[in-house]
1. Restricting to the chain, what percent of DSSP beta bridges are antiparallel, rounded to 5?
2. Starting from the 7 Å offset along Cα-to-Cβ, what nm value, one decimal, do you get for the label separation of ASN195 and ASP120?
3. For the chain, calculate the relative contact order in percent as a whole number, restricting contacts to Cα pairs under 8 Å that are 6 or more residues apart.
4. Efficiency by 1/(1 + (r/R0)^6): what FRET value for GLU71 and GLU188, r their Cβ-Cβ distance, R0 = 51 Å, to the nearest 0.05?
5. What are the ³J(HN,Hα) couplings of the range 186-202, residue after residue, when phi is run through the Karplus curve with 6.51, -1.76, 1.60 and θ = phi - 60°? Round to Hz, x for glycine and proline.
6. Would you mind checking which residues have amide H under 5 Å from ALA246's amide H? H placed 1.01 Å from N; only 5 or more apart, or other chain.
7. Quick check: Cα centre of the range 17-67 to Cα centre of the range 232-262, how many Å?
8. Check which residues have an amide H placed less than 5 Å from ILE24's amide H, if you skip close sequence neighbours.
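Read-outs: derived from the displayed coordinates by stated rules, not from any lab. None of these values were measured; they are calculated from a predicted model. Backbone-built Cβ (ideal geometry, glycine too); neighbour counts: all protein chains shown.
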Amino acid sequence: MAPTASWPRWTMPDRALAGCGIAITRPIEQARTLSDLIIGNGGKPIPFPLLDIAPLDDYSAFDQVLAGLPESDWAIFISTNAVQQGMPRVTARYPTLPPKLRFAAIGPATAEELGRHGIDLVLVPSDRYDSESLLTLPEMHDMTHRRVIVFRGVGGRELLADTLRARGAEVVFAECYRRINPQRDTGELPQLWQNGQLHALVVTSSEALRNLLQLAGNAPWLRGTLICVNHPRIGETARANGLRVAIADAPGDEAMLQCLIHHLQDRTKI
């Protein structure tokens, strides 16, 4: 029998992303699903994490906030990382969660992560998944005398807390992890672009974009590469820095895949 012709998975013919190199700036574990989707459509994912999740050196402040959990009305989780890093310490301290405590999440992926800890009733926005959308929900309007704990990493946006305080809530942060940039430079990306092997970067957080800009500055390779983002706010920042931007129509890996296919299957579009 004659041997069957074969190609590397990312160069299989008749695939929408054939020959496209796509750098993914998410933490490695969080990039796996999108990487598989890119491979399945003929593209080559290039891992280039610009964020990594690290534990805190000292959890005493976090544990002090947890002491007030029984008196709290809402626990709001702003990311899957907040659930993964925070909930094990919550359940270790409170095997039975306080009965009056309600849970909210910034999006369905975060709510799904809460479900893995037995929390099935979670308030989630239904359209865009960000602080602005969560704040539009009726349950977040009259917050007079409500105590809210916001689970997040160290630092971040203040909009959610500031708005809830303006609506009468007492808000405290339960910071349970820190974000670090594992990259010291731009690595092989400039050379890949020069060789025609880098066509897009996926950037799904404002902090990752800031790290990218700090590393690359005004480099021609960055200005010559399409930046695919998942939120208009990230896109606005990228455009303000002179970058070419494509914004996915919805959150999630499938929407990002469609964004990549739409802009990369016909290279003349970019």
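1. Working: 3 of 33 bridges.
Counting DSSP beta bridges with both partners in the chain, the antiparallel share is about 10 percent.
2. Result for the modelled spin labels: 5.2 nm.
3. Values: 470 pairs, mean separation 53.9, N = 270.
Computed over the chain, the figure is 20 percent.
4. Details: r = 52 Å, r/R0 = 1.02.
Given R0 = 51 Å and the Cβ-Cβ separation, E is 0.45.
5. These are the phi-based 3J(HN,Hα) values: 8, x, 8, 4, x, 5, 4, 5, 4, 8, x, 10, 10, 10, 7, 10, 9 Hz.
6. ILE227, CYS228, VAL229
7. After rounding, the separation between the Cα centres reads 17 Å.
8. Close amide H contacts, sequence-distant or interchain: ILE46, PHE48, VAL202.
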